[in-house]
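Below is one structure; the comments refer to it alone.
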Amino acid sequence: MANVYRSRLDIKSIQPSFKPTFVQYDHAKLEIELIDGGKPYDLSNATRVEFTHVRSDNLVIIQPGEIVNFNGNYLVTYDYQGNEMDLLGTVLTSFAVFNENERKVSSPIFEVAIVKDLRNDVFSPAEPTSGFLQSLIDDVENIKQSGGVVGPQGIPGERGKDGYTPVKGVDYFDGVNGKDGKDGYTPIKGVDYFDGTNGKDGVNGKNGIDGKSFTYADFTQTQLESLRGPQGLQGERGLPGEPGKNGTDANVNSTNIVSALGYTPLKNSDVTWANVINKPTAFEPSTHTHSYNDLTNKPTIPTLNNTVTSTSTTQAATANTVKQAYDRAEQAFTQANNGKNLIASAVVGKGGTASSGDTFSQLAAAITNIPTGGKKWGSGVFTNTSTLNVSGLEFEPSFLIVRGKYMSSDTYILSTYINTLLGTNTTNIINSYSFTASASSVAVKISEIIINSDGFELGISNIENYEGIWFAFE
């Protein structure tokens with residue numbers, strides 16, 4: 001049972017028209033259908049909703065609400081918790097809907113009225129109050145008149161949520177453009193402004209030094225050439241001169257010819273190639289043709305061979321034979337590569353290490369190094385030592401036999417130790433046996449065994465005059 005207030009709220013409304021009213025501390029509930037432009041607002045992607053209440057004492061209370069699908073329409077609901085109703089009067093309320101990316105859409109602020117519960121009017125203002133209750137009321141009034149008592153500071157509240165920068169087009173929208181301003185005005189000279197008074201003339205500068213006079217003789221030939229202007233246009237042809245006198249044979253002689261020419265002409269026998277000036281240095285050949293037989297030192301053109309089995313050194317292969325050879329080489333490469341893949345897979349399958357990118361030499365070495373399945377082992381000798389260190393084995397020993405020989409005489413004093421080693425580092429000797437071939441009690445004894453990844457260490461006692469041999473097994 002609850003006092004349910006249901007209404008529709010336009011997300012773009014500036015001042016909602018409704019104002020829910022609840023009696024203080026009633027079981028109250030809001031059910032609001034959010035709309036946008038008269039149509040239901042799509043809340044299918046909403047994941048949560050928060051309600052914010054601001055009481056008359058400016059205390060801000062934030063509580064979660066719910067999003068409910070009611071007959072195909074989404075409703076934003078909120079159940080009042082109690083502290084929103086602690087003060088009578090108007091409570092400013094709004095809510096924000098969030099999606100999975102914490103993007104939110106907020107509602108307009110609306111008012112909720114919290115009114116008095118008349119059942120709480122136990123005492124009439126006209127009736128006197130006596131006894132303990134009256135004394136308590138008097139104490140409260142005295143504290144109020146004296147300025148009140150400051151209580152201890154309360155526990156700090158939880159850290160508020162990070163703020164959110166609103167997104168244009170989602171959380172807010174551009175407003176309507178304002179009206180155009182008045183046209184500008186260009187000021188007019190002589191009406192809106194005037195020229196100022198001209199300033200005084202400045203003082204004249206001093207006269208410069210007189211330049212020296214010069215004549216044509218003061219210029220060099222190079223300077224005169226630089227002053228020369230461009231060549232003028234050719235003038236018109238002059239009038240023909242008067243005809244000359246007729247010559248006579250008597251006047252035609254070498255002297256008159258040389259005088260008329262200004263130089264002595266050369267005879268044909270005097271003209272050589274060396275005497276020719278401005279002669280060309282290179283001569284372009286004229287267009288001509290030659291037959292193949294006219295050529296000398298010509299190469300031999302080989303005949304074509306269309307087989308891939310020929311061994312001729314004078315014939316040329318056709319494109320067809322080159323293509324056949326290429327295809328066969330490509331096929332051989334593919335088969336060899338596939339064969340390397342099969343060999344590498346077989347080596348890996350047998351516990352070896354190989355790759356299809358290895359060379360044939362590397363694959364051969366990988367095949368040689370394939371484990372054969374037998375256990376690896378090693379052995380060695382030692383004399384007169386209290387600590388035996390063995391390293392560089394290609395395995396980690398798991399089984400060890402040590403034999404000692406007493407060297408004071410030809411009689412053997414034999415101690416044999418068989419150790420089953422559990423783990424890679426132990427000081428325990430397990431399954432140890434010994435016997436001697438004489439009455440002497442002197443024997444080689446092992447006090448400590450440490451197993452490494454590539455060897456072992458032995459601590460040995462009774463070491464005077466002895467030699468020994470060890471066997472280690474994988």
Inset, instruction - Being closer than 16 Å to L92 by Cα and either in a strand (DSSP E or B) or among the small types (G, A, S) (or both) is the filter here, so list the residues in segment 29-62 that pass it. - result: K29, L30, I32, E50, F51, T52, H53, V54, S56, V60, I61, I62
Inset, instruction - Looking for whichever is closer than 26 Å to G351 by Cβ, part of a strand (DSSP E or B) and either modelled with pLDDT of 70 or more or hydrophobic (A, V, I, L, M, F, W, C) (or both) here; the options are L393, L400, L388, L422. Which one fits? - result: L400
Legend entry - Filtered residues of segment 291-347 (kept if of a type in the set (F, W, Y) and farther than 30 Å from I370 by Cβ): Y292, Y326
Inset, instruction - For segment 61-76, indicate whether the set of residues that are surrounded by 15 or more Cβ atoms within 10 Å (Cβ to Cβ), over 25 Å from T165 (Cα atoms) and within 46 Å of the chain's Cα centre (by Cα) is non-empty. - result: yes
Legend entry - Where I370 falls short, out of the listed (1) surrounded by 12 or more Cβ atoms within 10 Å (Cβ to Cβ); (2) at pLDDT 80 or above; (3) outside any strand (DSSP E or B): (2)
Legend entry - Subset of segment 298-328 (residues that are among the hydrophobic types (A, V, I, L, M, F, W, C), at pLDDT 85 or above and either assigned to a strand (DSSP E or B) or surrounded by 10 or more Cβ atoms within 10 Å (Cβ to Cβ) (or both)): L304, A316, A317, V322, A325
Inset, instruction - Check whether at least one residue in segment 79-92 is closer than 17 Å to E31 by Cα, touching a residue at least 40 places away in the same chain (Cβ under 8 Å) and assigned by TED's automatic domain parsing to the domain that holds E33, and report yes or no. - result: yes
Inset, instruction - Report yes if some residue within segment 34-49 is free of Cβ contacts under 8 Å to residues at least 24 places away in the same chain, within 26 Å of V115 (Cβ to Cβ) and surrounded by fewer than 16 Cβ atoms within 10 Å (Cβ to Cβ); otherwise report no. - result: no
Legend entry - Among the residues listed as V170, V271, V191, the single one being over 30 Å from F51 (Cα atoms) and surrounded by 10 or more Cβ atoms within 10 Å (Cβ to Cβ): V271
Legend entry - Matching residues, segment 171-218, being over 30 Å from R103 (Cβ atoms) and in contact with a Pro (Cβ under 7 Å, 6 or more places away or on another chain): Y193
Inset, instruction - Provide a single number: the residues in segment 153-167 that are β-branched (V, I, T) and surrounded by 10 or more Cβ atoms within 10 Å (Cβ to Cβ). - result: 1
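The values are calculated or read from the model by the stated rules, or taken from the named source; none is laboratory data. Computed from a prediction, not measured in an experiment: that's the story for all the values here. No Cβ is skipped: glycine too gets one built from the backbone with ideal geometry, and neighbour counts run over all protein chains shown.
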